[in-house]
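To start, the structure itself, in structure tokens.
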Amino acid sequence: MDFEFTAEQVAIRDTIRELVQDRVAPRAAEIDQTGEYPKDIETLFAENGILGVPFPEEYGGISGSSVTICMGIEEIAKACASSSLILAVQALGSYPILVAGSEEQKKRLCPPLASGEKIAAYALSEPGSGSDAAAMKTRAKKYGHEYVLNGTKQFITHGSVAGTLVVFAETQPGSDHRGISAFVLEREASPWTVAKLEHKLGIRGSPTAQIVLEDVKVPAANRLGDEGAGFKIALAVLDRSRPGIGAQALGIAEGAFDYALNYVKERQQFGQAIATFQGIQFMLADIATQIEAARHLVYRAATKVDAKAADLTKVAAMAKLFASDMAMRVTTDCVQLLGGYGYISDYPVERMMRDAKITQIYEGTNQIQRVVIARALLR
Amino acid sequence: MRPLAAEVDRDHRFPAEAIKAAAESGLMGVLIPREYGGAGMDALAFAICIEELAQACAATAVIVDVHTSVGTEPILLFGDEDQKRKWLPQLASGQLLGAFALTEPASGSDAAALKMTARRNGSGYVLNGTKVFITNIGRAGLYVVFARTGPDEKAAGITAFLVPADADGVRIGQVFGKMGLNGSPTGELVLEDVNIPESHRLGREGHGFTIAMRALDSGRIGISGQALGIAQAAIDEARTLMRERGHENSKGDVDVLDRLAGQGDDFSLADMATRVESARLLAYRAAWLCSQGKPFTREASMSKLHCTDTAMQVALDALQIAGHEGAVAGSPFERHVRDAKALQIYEGSNQVQRIVIARELLKAG
């Protein structure tokens, strides 16, 4: 199997690439150093239709294809991993609506997200339930036509800047994962509290929030799917979003490698460019080979998501696992190629190495990806 | 030192009180003979000291390590009696912090290509040039500086000098923001017409490169110790976390049958511990060879390469076990990752270690 990008996908990618190189790349170091959410980049993406990539045209978007989303995330991540999450999490936070929402819900909730008027977020993890998502404690109790939500969600990317938050909560406490339901919280009507923002190793410009829900009222019309269908929805969403994390990891690795490749061609030691040394050349060859392998796996997984292939769960997990492990190794090696300069903040590769680590952890740690893959193999 | 580590990292603050405590405990003069006010211990003892310090705080460890090995040993090994009497007691007591200035912007791995000049001027020398990536910058009282005295463009033209920080013309350039080791300042040392008397020249003219290489040989033992300390700290924290998560049953024993479904992290922990144990043996052997006065260049490079690669991998694996909470700033897991990376680069990048090892292996005879 091979993946061929359509002319339309290539056009979208090229637009994003140009915009990113002109407007995002020059901001990346500052975004990392200040640790502030780049609202200007969000606006830039909204104005240029980039936040519409995760949505089909009928819901106000321009694509809805996982392949196109991955192309966009990859391009942005080459320059700035924090900014790439603006697209990646717009997709993650919207997938529950696109996957499990009714036609009415999609028509009502998606257009403001596709236009970038609102930012989406996805709230599954809790302080006491990370990998064991089914152990969540957030409760949703039904009163007439609305639910009242109480609980705490942890490590919620963009939880502080989002206008639309998909929250998973127990509607049938005491039952296992079959008691979990999914809700869409619109901030004006169902306001949540941001208890704290984390300082992190990397992706510092992407706010990671702890969210507290205290008697938050949500209309029953904002429940996605049936009561008890939440856990299934959560997993179906992660299946679809994981290639995007793979694409982010891929972009981070490519960004670091582009920089390091130029550097070794310029840097002179022993009277010649260090790129002429075989020890360096072997590193370059290994890095490029790993990137190429990851790229194929990521787009193969995205193609399977678009085709709703039977084995998409397994391949999406493989893409996320392989690409993120690759990005960690590759960025670590790229810092090495720059030597002392790689370690200081005047150069971008140490930021990319710090940014790479989280791709091995979020949207299911790589241990969880292995569990998912093994389960698919042994089924 | 341990309670300071997170704060020193967060605030990019020199851990003055930790260094004072190290000095009071005699840790600044581990390698210096008793007659010069030191502890008179050997390379193995030194490696163990640095390992212990790095388990608590890698930034503190590198400050002490650079001071003790490359900052002090050149005087110990190559200084004349007057130089030893003048400088070693101050270094041993920690009254004076040492540093080592070899690297320049255009000469990193290719150290013999350095450009700093030392021009003869009457009975002394005038030094001019810029050094870069100098550990203990701004805090050191004495820099071991390598400069070119002869017309030879390669190693044979290099001479070592002792440059006091308060000499006229000594200036601190840029101090770098780094990925890790934030408590340990790294930056540029700029020398502008610095007059240095002949009594501050270390060894003969043209002997500087040999001094630098010998200093780095044993410096690599210190870096190995630092790597082991970081790796051990990462393992200990991962192990504590796994126990807290219930990887131990109520009797305090580990039942293999309870563990089968959770083998992923168990195997990772086992690999980490095995790697560190092998790295430790390699480091201690290099240190022992050095202590015995036997050749140890190859072993020191192997040790530096293996210990620092191990520290990087183990720090990453421990953070992976910790998951999200390990990536939050202030967590020791993410700090270990940022700290460990420097070790693969400094005191000879791991590429240079491979060059040294291969050269030693391919030598005739």
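The values are calculated or read from the model by the stated rules, or taken from the named source; none is laboratory data. Remember, it's a predicted structure, so these values are computed and weren't measured experimentally. Please note: Cβ atoms are built from the backbone with ideal geometry, for glycine as well, and neighbour counts cover all protein chains shown.
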Examine the range A:181-199 for a residue that is within 14 Å of chain B (Cβ to nearest Cβ), crowded, with 17+ Cβ neighbours inside 10 Å and under 30 Å from A:Asp32 (Cβ atoms), and state whether such a residue exists.
-> yes
Pick from the range A:113-148 the residues that are hydrophobic (A, V, I, L, M, F, W, C) and closer than 13 Å to A:Pro173 by Cβ: which of them is farthest from the chain's Cα centre (by Cα)?
-> A:Ala140
Restricting the search to the range B:38-78, which residues are surrounded by fewer than 24 Cβ atoms within 10 Å (Cβ to Cβ) and among the small types (Gly, Ala, Ser)?
-> B:Gly38, B:Ala39, B:Gly40, B:Ala45, B:Ala56
Give just the number: which of (1) outside any strand (DSSP E or B); (2) in contact with a strand residue (DSSP E or B) (Cβ under 6 Å, 6 or more places away or on another chain); (3) under 18 Å from B:Leu202 (Cα atoms) does B:Lys86 not satisfy?
-> (2)
Subset of the range A:8-37 (residues that are in contact (Cβ under 8 Å) with a residue 24 or more places away in the chain, charged (D, E, K, R) and crowded, with 16+ Cβ neighbours inside 10 Å) = A:Arg13, A:Arg17, A:Arg27, A:Asp32
Somewhere in the range A:161-175, is a residue among the aromatic types (Phe, Trp, Tyr) and either surrounded by 14 or more Cβ atoms within 10 Å (Cβ to Cβ) or in contact (Cβ under 8 Å) with a residue 60 or more places away in the chain (or both)?
-> yes
Please state which one of B:Thr135, B:Thr103 is closer than 29 Å to B:Val276 by Cα, under 21 Å from the mean Cα position of the chain (by Cα) and within 14 Å of chain A (Cβ to nearest Cβ).
-> B:Thr135
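Picking from A:Thr276, A:Thr303, A:Thr359, A:Thr313, which residue would you name as being more than 10 Å from chain B (Cβ to nearest Cβ) and farther than 27 Å from A:Thr157 by Cβ?
None of the others qualify; the one that does is A:Thr276.
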In the range A:47-77, the residues that are of a type in the set (A, V, I, L, M), over 19 Å from A:Gly159 (Cβ atoms) and within 17 Å of the chain's Cα centre (by Cα) | A:Ile50, A:Val53, A:Val67, A:Ile69, A:Met71, A:Ile73, A:Ile76, A:Ala77
Listed residues B:Gly169, B:Gly173; which is in contact with a strand residue (DSSP E or B) (Cβ under 6 Å, 6 or more places away or on another chain) and within 14 Å of chain A (Cβ to nearest Cβ)?
-> B:Gly173
Does B:Gly264 qualify as being within 13 Å of chain A (Cβ to nearest Cβ), crowded, with 19+ Cβ neighbours inside 10 Å and over 22 Å from B:Cys49 (Cα atoms)?
-> no
So B:Gly293, is it within 11 Å of chain A (Cβ to nearest Cβ) and not hydroxyl-bearing (Ser, Thr, Tyr) | no
Of all residues in the range A:209-218, how many are closer than 18 Å to B:Ser331 by Cα and out of contact with any Lys or Arg (no Cβ under 6 Å at 6 or more places or on another chain)?
-> 1
Could you please find all residues in the range B:97-107 being surrounded by 18 or more Cβ atoms within 10 Å (Cβ to Cβ) and over 30 Å from B:Ala18 (Cα atoms)?
-> B:Ser107
Looking only at the range A:26-34, decide whether some residue is at pLDDT 95 or above, in contact with a Phe, Trp or Tyr (Cβ under 8 Å, 6 or more places away or on another chain), closer than 24 Å to A:Glu363 by Cα and not in a loop (DSSP other than H, G, I, E, B).
-> no
Considering every residue within the range A:316-328, establish whether at least one is part of a helix (DSSP H, G or I) and facing another protein chain (nearest Cβ under 9 Å).
-> yes
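Taking the range A:79-100 only, how many residues are touching a Cys at 6+ places or on another chain (Cβ under 8 Å) and surrounded by fewer than 24 Cβ atoms within 10 Å (Cβ to Cβ)?
Filtering the range A:79-100 for residues touching a Cys at 6+ places or on another chain (Cβ under 8 Å) gives A:94, A:97-98.
Those left that are additionally surrounded by fewer than 24 Cβ atoms within 10 Å (Cβ to Cβ): A:98.
The number of residues fulfilling the criteria is 1.
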Filter the range B:190-218 down to the residues that are of a type in the set (Val, Ile, Thr) and surrounded by fewer than 21 Cβ atoms within 10 Å (Cβ to Cβ), then identify the one that is nearest to B:Leu289 (Cα to Cα).
-> B:Thr210
Which residue out of B:Val145, B:Val163 is within 18 Å of the chain's Cα centre (by Cα) and either closer than 25 Å to B:Lys86 by Cβ or of a type outside the set (A, V, I, L, M) (or both)?
-> B:Val145
Selection from the range A:105-124 of residues crowded, with 23+ Cβ neighbours inside 10 Å and either among the hydroxyl-bearing types (Ser, Thr, Tyr) or on the phi > 0 side of the Ramachandran plot (or both) yields A:Tyr122
Any residue in the range B:109-125 that's within 13 Å of chain A (Cβ to nearest Cβ) and under 18 Å from B:Leu191 (Cβ atoms): show its pairings with residues that are among the small types (Gly, Ala, Ser) and assigned to a strand (DSSP E or B) at Cβ separation under 8 Å, as long as the two are six or more apart or on different chains.
-> B:Ala113/B:Ser107; B:Leu114/B:Ser107; B:Leu114/B:Gly129; B:Leu114/B:Ala147; B:Lys115/B:Ser107; B:Lys115/B:Gly129
For the range A:131-145, what are the residues that are modelled with pLDDT of 95 or more and either buried (at least 19 other Cβ atoms within 10 Å of the Cβ) or part of a helix (DSSP H, G or I) (or both)?
-> A:Thr138, A:Ala140
Unmet criterion (only one of (1) among the hydrophobic types (A, V, I, L, M, F, W, C); (2) farther than 20 Å from B:Gly222 by Cβ; (3) free of Cβ contacts under 8 Å to residues at least 24 places away in the same chain) for B:Val337 | (3)
In the range A:208-220, is there at least one residue being more than 14 Å from chain B (Cβ to nearest Cβ) and either under 25 Å from A:Val330 (Cα atoms) or in a helix (DSSP H, G or I) (or both)?
-> yes
Quick count over the range B:269-299, residues being polar (S, T, N, Q) and within 30 Å of B:Ala318 (Cα to Cα), is 2
Quick check: anything in the range A:330-343 within 11 Å of another protein chain (Cβ to nearest Cβ) and under 15 Å from the mean Cα position of the chain (by Cα)?
-> no
